[in-house]
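Working notes, beginning with the structure itself.
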Amino acid sequence: MLVIKDLRVSIEGEEILKGINLEVNAGEVHAIMGPNGSGKSTLAAILAGRDIYEINSGTVLYKGEDLLDKSPEERAKDGLFLGFQYPIEIPGVSMVNFMKTAINEMRKHRGEEPLSASEFLKKMREKKDLVEISSSLTNRSVNEGFSGGEKKKNEIFQMAMLEPQLAILDETDSGLDIDALRIVARGVNNLKSPHNATIVITHYQRLLEYIVPDFVHVLFNGRIVKSGGKELALLLEEKGYEWVRSEEVNL
Amino acid sequence: MSTITENISLKEQFLDLYRSSSKEIAVNSAPLMNTHRDKAIIKLEKLGFPSRGGEEYRYADIESVFKQDMEKSFGNQKININIREIFHCDVPDIDTNLFLLVNGMFYNNGQMLKELPGGIIAGSLSQAAKDYPGLVEKHYDRYAGSSKDGLVALNTAFAQDGIFIYAPRGVKMEKPVQIVNIMISEAGLMAQHRNLFVAEEDAELNIVVCDHSLSAHRFLTNSVNEVFAGERAQINLTRIQNEHNGSSQITHSFNHQETGSNLATNIISLHGGFIRNNVYVKLNGEHAENHSMGLYLSDKGQYIDNFVFIDHASPNCFSNQLYKGVMDDYASGAFTGRILVRRDAQKTNAYQSNNNILLTDDARMHSRPQLEIYADDVKCSHGSTMGQIDENALFYLRSRGIDHREARLLLMFAYTHEVIQNIKVKALRERIDDLVNKRLRGELSRCNNCAMQCG
Ligand SMILES: Nc1ncnc2c1ncn2[C@@H]1O[C@H](COP(=O)(O)OP(=O)(O)O)[C@@H](O)[C@H]1O
Ligand SMILES: [Mg+2]
């Protein structure tokens, strides 16, 4: 589904991703872990189409097509979703209008009719229940005045609404309590199918008790320095990132 | 009628024009209005036309606007077009009492003044000055008369008619009054109308003014509004400016507020080549509240200039200015917001904010807050921003599958809505939302359709 080869990316002349290789197949859950500043959010943003970076080399294929050539909206319409580490507040744009526009743009792309008002509201209700987000939030402007946790929940709500094929969740778990974590996990697990894949970017292995990954990768200083099964997350938790740091010296 | 020649000054030309036309002006107006003309002409002679670089008109090139070749007509107009035919008042979602001004004169369809429910009087100002001289005299030129702007004196000298709206004590207007101000002619034309809106104690007025040009000639309007809000009166005034880009418009609004009154103005500038709006507010009694707001969407070579002057002349008053705009292409403009808090105006709350989105490198905007505060117990704030579209917000929307263009529109629409949401009449607010949306999409025609009526 996603094949990243030797991806090198810099910003303002400084190289941040230094040769990333990663393959994600349909049906898989991958976790990317790593200390602050290692480039996790940069990788996520590059995949979603943020254009403030220079791509120095490498290729990214998504469903067999060159991803880097496409606009953010084309990627989204092709089923890619990014849950933002820091969701943006957009005063004046209502959640309802935002979601309706997004869903209908995607439907148009697939050659489907726009949802009727009642179909749309039904879908809103269903997904709101799934992620236990209250109407007092979805009746507001996008993320405006939401708490940190509410913003994260709202990312999961949007994901549930848009039903992506490849979801990339950038530290959606940070700052959440156990209950919220369960809800996030429910959102992700609900989407799980042999046709979909998820990349969970996280700092802690806590979330991985609820979303069990097939693969864990350690991103360190712009490179994936270690990959393994779910037990790697436990090892990391136990030994800390210092352990990777010392390992890296030996690479 | 006169054709402008280059060498004599603008002032001289208009003084001449006054000498040669004062009879005709007077015959086609009302005695009460006529009594103010000579004084105004002397004032104009003293003040002259505002010059560029002066304190009040620093960026607005008034001279070149007036130097355009335009007819001035003071007699009975013969308009060969059936305006009611061009205007289809069949949009059901906004039900108003409609009045027309054509080239500055009340458009007469038999009835010059109407009595609306509750004893509200509305119609031609010159007719009202004849029928209700006492009422008109109490307010006419009382608020504009002390202005130091030569253009206001010019209007007082030449204005023959306009709209008069009067709400007696305690009467609340049911349907809003809509004034459609039309410019239409077979050659370039200048017109100067004069409106007077009066709400007595505890009365309420809702008025919407729409400025339109219906033929493709150069137009210039220099209009004056005097507005009186008696004690605890409520006035909501919305103006939609939608003339073609070959037209120039200068508006002066003098808003006088007594104790406990609440007056809100919203000026929505959609199209028009040169626009200058002067809004003067005098808070003359305690606990008066004023909201002066504006939204401008300018592109191509449009010039938009808003000047607001809030005079806190009494303690315990509140004022809020909010002006926002989107400047595209090589449009240019200015915002000046002046707040004067007089020495006795303790416990004043005065706020001002001017936000601009500049979509291109060539778009220009000058923003000038001017605060003069002589009282010590005052809450006052001002802020001005020049920005671009928020790239992070844009990316966020696009990452959900919304096209670049649509995402931009959503953001701009949200940005403009902050002003529009203050319009109190719901049907009007929705209508303007729709108009602005169309304007942002480039779908709003800028001449021959009345946007309010046929959108
Ligand atoms: N917009 C930016 N401008 C400059 N440097 C940036 C920018 N975004 C990220 N960086 C730098 O890139 C590195 C990786 O950041 P990031 O991808 O956010 O890491 P992580 O998500 O793993 O914490 C950091 O050193 C950060 O300072
Ligand atoms: Mg990060």
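The values are calculated or read from the model by the stated rules, or taken from the named source; none is laboratory data. From a predicted model like this one, the values you see are computed outputs, not experimental measurements. No Cβ is skipped: glycine too gets one built from the backbone with ideal geometry, and neighbour counts run over all protein chains shown.
One table, with the values for the structure above:
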item	result
Residue in the range A:15-34 that is of a type in the set (Lys, Arg), more than 16 Å from ligand 1 (Cβ to nearest atom) and either at positive phi or in contact with a strand residue (DSSP E or B) (Cβ under 9 Å, 6 or more places away or on another chain) (or both) present	no
Boolean, A:Val96 is outside any loop (DSSP other than H, G, I, E, B), more than 16 Å from ligand 2 (Cβ to nearest atom), more than 24 Å from A:Arg223 (Cα to Cα) and away from chain B (no Cβ under 12 Å)	yes
Residues of the range A:158-189 classified as more than 16 Å from ligand 1 (Cβ to nearest atom) and part of a loop (DSSP other than H, G, I, E, B), total	5
Members of the range B:368-387 that are away from chain A (no Cβ under 14 Å) and either among the basic types (Lys, Arg) or exposed (fewer than 14 other Cβ atoms within 10 Å of the Cβ) (or both)	B:Arg368, B:Glu372, B:Tyr374, B:Asp376, B:Asp377, B:Lys379, B:Ser381, B:Gly383
First in the range A:143-161 and within 12 Å of chain B (Cβ to nearest Cβ), second anywhere and surrounded by fewer than 19 Cβ atoms within 10 Å (Cβ to Cβ) and not basic (Lys, Arg), Cβ under 6 Å, 6 or more apart	A:Asn143/A:Glu89; A:Glu144/A:Glu89; A:Glu144/A:Pro91
Residue within the range A:113-132 that is of a type in the set (Lys, Arg) and within 11 Å of chain B (Cβ to nearest Cβ) present	no
A:Leu68 being away from chain B (no Cβ under 13 Å), within 29 Å of A:Lys108 (Cα to Cα) and more than 14 Å from ligand 1 (Cβ to nearest atom)	yes
Per-region count, the range B:321-340, residues surrounded by fewer than 22 Cβ atoms within 10 Å (Cβ to Cβ) and under 17 Å from B:Asn277 (Cα atoms)	4
Residue tally, condition within 16 Å of ligand 2 (Cβ to nearest atom), part of a helix (DSSP H, G or I) and among the charged types (D, E, K, R), over the range A:30-86	1
B:Leu440 vs. criteria more than 12 Å from chain A (Cβ to nearest Cβ), crowded, with 17+ Cβ neighbours inside 10 Å and within 20 Å of B:Leu322 (Cα to Cα)	yes
The listed residue being part of a helix (DSSP H, G or I), among the hydrophobic types (A, V, I, L, M, F, W, C) and in contact with a His (Cβ under 9 Å, 6 or more places away or on another chain), out of B:Val136, B:Val152	B:Val152
Some residue of the range A:106-122 being crowded, with 20+ Cβ neighbours inside 10 Å and outside any strand (DSSP E or B)	yes
Subset of the range B:405-435 [under 20 Å from B:Asn262 (Cβ atoms), more than 10 Å from chain A (Cβ to nearest Cβ), free of Cβ contacts under 8 Å to residues at least 24 places away in the same chain and under 20 Å from the mean Cα position of the chain (by Cα)]	B:Arg429
Candidate set from the range A:5-29 (those that are crowded, with 16+ Cβ neighbours inside 10 Å and under 16 Å from the mean Cα position of the chain (by Cα)); member that is farthest from ligand 2 (Cβ to nearest atom)	A:Glu28
Pick from the range A:41-58, criterion surrounded by fewer than 21 Cβ atoms within 10 Å (Cβ to Cβ) and more than 22 Å from B:Asp390 (Cβ to Cβ), ranking: farthest from ligand 1 (Cβ to nearest atom)	A:Ser57
Residues satisfying the stated conditions in the range A:20-62, i.e. acidic (Asp, Glu) and under 15 Å from A:Phe215 (Cβ atoms)	A:Glu23, A:Glu28
First in the range A:11-31 and within 13 Å of A:Ile168 (Cα to Cα), second anywhere and surrounded by fewer than 20 Cβ atoms within 10 Å (Cβ to Cβ) and acidic (Asp, Glu), Cβ under 6 Å, 6 or more apart	A:Glu28/A:Asp214; A:Val29/A:Asp214
Single unsatisfied condition, B:Asn354 versus (1) at pLDDT 95 or above; (2) away from chain A (no Cβ under 14 Å); (3) in a loop (DSSP other than H, G, I, E, B)	(3)
The range A:101-110, residues that are touching a helix residue (DSSP H, G or I) at 6+ places or on another chain (Cβ under 7 Å), more than 7 Å from chain B (Cβ to nearest Cβ) and at pLDDT below 95	A:His109
The one condition in (1) more than 12 Å from ligand 1 (Cβ to nearest atom); (2) outside any strand (DSSP E or B) that A:Pro91 fails to fulfil	(2)
Residue match in the range A:59-72 (condition: among the β-branched types (Val, Ile, Thr), surrounded by fewer than 17 Cβ atoms within 10 Å (Cβ to Cβ) and at pLDDT 95 or above)	yes
